[in-house]
Structures are given as C-alpha cells and as structure tokens.
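Computed from the coordinates by the stated procedures, all read-outs in this text should not be read as laboratory data. Just so we're clear, the structure is a prediction, and the values are computed from it rather than from any experiment.
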Amino acid sequence: MVLYKSRLEVEMAIFKPADVFILLSACFLTAWLYAVFWFDNAQQGEADSLLIQLADNEPVEYTLSKDKIITIQGHIGPSLIEIKQGKARFIHSSCRNQFCVFHGWLTVAGDTTACLPNRVSISLKGTLNDYDAIAGGQ
Amino acid sequence: MKLHFTTTHEDHRVALLAALAITIHIIESAFPSPLPGIKPGLANVVTLFTFMMYGWKTALQVSLLRVIISSLLLGTFLSPTFLLSLSGALFSLSSLILTQQLFYLFHLTLRLFSRHGLSDNNYSQPGAIGYAIIASISHMSGQFLMAWYFFIPHPGLFKLLPILITFAVILGIVSGIITQLTISQLKRKQIQKSQLQPDNQ
C-alpha cells in the first residue's frame, strides 16, 4: 500500500495515518473519562465518620456505622443531628432560617453544612480528604 | 578578569528557541483564562517544533529554560504554579519521547512482516498534530495529578478532569496545526534552497 508518492509529500501532509490513530484514541480516552467520572457515582469518596464542630472547639468525631441521634447544645439552643445508614443530617435546629435542616442528607465525604446562628457545623470525613486544599501561588 | 567561554551553533539555537518560547509564555500569561487550568499553550508549539526538528535533548533544554526563566520573570519561581508548570513540561516531553519510540518499534515490526519493506521511518511516525495531542493531554494530566496529589487531594477534583482533557485535545489540535504549518514551510524553503544550489550539498 502506497500512501504517499514522495518524501516531500510525506513531510507536507497535515494529517498522517498515525495522527488519525492518535486523534481517535484521544477521543476514546475523553469519552471514557466522561463515562467514569461523570456517570458513575460509585467513584465518589466513601464517608466513614461525621465531624461535629461547635464554635472554635475541636471537632468531635462520630462513626457513621451506628444509627444515632445526637443533641448538641449550641449558642442559641439545641441542634439535633441524625446519623442513619452512613448518612447524616440536621433534623432540628434552634435557628430562624433552618438552612442547615433544608440542606438535607450529607452523603459523600467532604459534604459539609453548618448552622451559623447556632455555631454548629457538621461534615463527613472519608479516608482521602484530610484537608480541603492548600492555597498558594501569586 | 574577563570570563570567556566558547559557544557552539547548537547553543545559539537553544538560546534562540528558548527566548521565543519565553516570550510567548509571558505574553500568554497576560491574557485572562476563561477557566482555571485552561491555556492555549502556544509556548508548547516551540517545544514541539524543537522536538520534531532537533530531537529531544534540545527540546528538553528549551522547555526547562522556558519554565525556569519565565517563572523568574513572572515572579512564580518555586511556587506551586512553577511546580505545576515544570511537571507539565516534563510529563509532556517524556510522553513525546515514549510515543516516538513506540512508533519506531511499530515501524520496525512492520518492516519485519512486510515483504517489500517500508524504507522510511517517516511513513509510520506521527506528524505534528498527533504529537501535539499527546503533548497537551499528558501536560494536562501531569499537572492535574500533581495538583491533586499535592494541593487539593479531594476526590471531587476528578469531576473536572473530563472537561480539562476535552480542552486539551482541542487546543492540542490547534497547536499541532500551527506546528505542522511551520515545519512544512521551513522544509519547503530548505528544499527550494537545495534545488537552487545543488553544489552545496
């Protein structure tokens, strides 16, 4: 099979056979990445514990494997936090807006919600995310 | 005392190409990016051109000089930005070398099995577009892995990877076309020159 007649033609060609091969592989790679990271939820970080932080105190860790309802005495009143089947949520808070309750279940490691008036924040911790980010640069 | 050292033709070539790459890099960094992490990467055109015309050793010198000097000029030397830039450059160059060797192996096996024999490795080697796609994907994934491993070790970051790779492929094709046109133009000139003066060869 002769693809090109002369050496000059080989060097002038914009697309060579190997280029087409690489381009197709790149398209397949991209499609595969979309399939894995966007449409497969099993990849998301598994959470194994719940951190509850009150004001500036050290966060207290609870395991997610036992279902439990925790009452935290916040700044303006009690907050009720429920742990159920590896998920966690606020079920009651003494604040006015109830944003923390409306946030719903925390399911994935790194999920966080907080009640600012009551100064209570909860987040799920997995094995991978010991910290969120390290800022740097210019 | 006067410091004196001799420079070769290759040194001049490296200096010229590195200066070109640094200039492009700095001009490019002045433009705002629509998405963090996405840049046209036109400075890599110079690296790719050098790789294809003069081989990987020259390309390595040019890209290291570009990364170090432009970070000194931009004030990001030894910062996370510099680390990402360096790892991207090294990742992309090493995958370029790997690709070249793989296609050379492919060429050798083809020659083993074909009766007539493909005499020229040029037939089976990819052109600038193929190399540019490889370079930009590996540049992006190298940077991404460094960013994920050192700065943001959060699994949510991987949601961003498909978008970044999509842009890498598109921008890789663009820079590949630019490189290919440059190389074609240069080779055409060389061939015309050699046809005009046949005694010079």
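See the values below:
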| item | result |
| --- | --- |
| Value at 222 nm in deg cm²/dmol, rounded to 500, when DSSP H runs of n ≥ 4 in chain B each add -39,500 (n - 2.57) | -25000 deg cm²/dmol |
| Eligible lysines near A:K66 by straight Cα distance, threshold 17 Å, same-chain separation 8 or greater | A:K84, A:K87, A:K125 |
| Computed P(r) (all Cα pairs; region B:13-59; 5 Å bins; percent) | 5, 22, 27, 20, 13, 9, 5 |
| Isotropically averaged projected area of region B:47-201, using the convex hull of Cα atoms (one quarter of hull area), nm² | 12.6 |
| Whichever lysines have a C-alpha closer than 30 Å to that of A:K16, once near sequence neighbours (fewer than 8 apart) are set aside | A:K5, B:K39, B:K57, B:K187, B:K189, B:K193 |
| Rounded if a/c under 1.5, otherwise prolate or oblate - region A:44-126, Cα gyration tensor axes | prolate |
| Karplus (6.51, -1.76, 1.60) ³J(HN,Hα), θ = phi - 60°, over region B:45-62, in Hz, Gly and Pro reported as x | 4, 5, 4, 5, 4, 4, 4, 6, 8, 10, x, 6, 5, 5, 5, 5, 4, 5 |
| Estimated translational D of the protein assembly as shown in µm²/s (Stokes, Kirkwood radius over Cα pairs; 25 °C; 0.890 mPa s) | 102 |
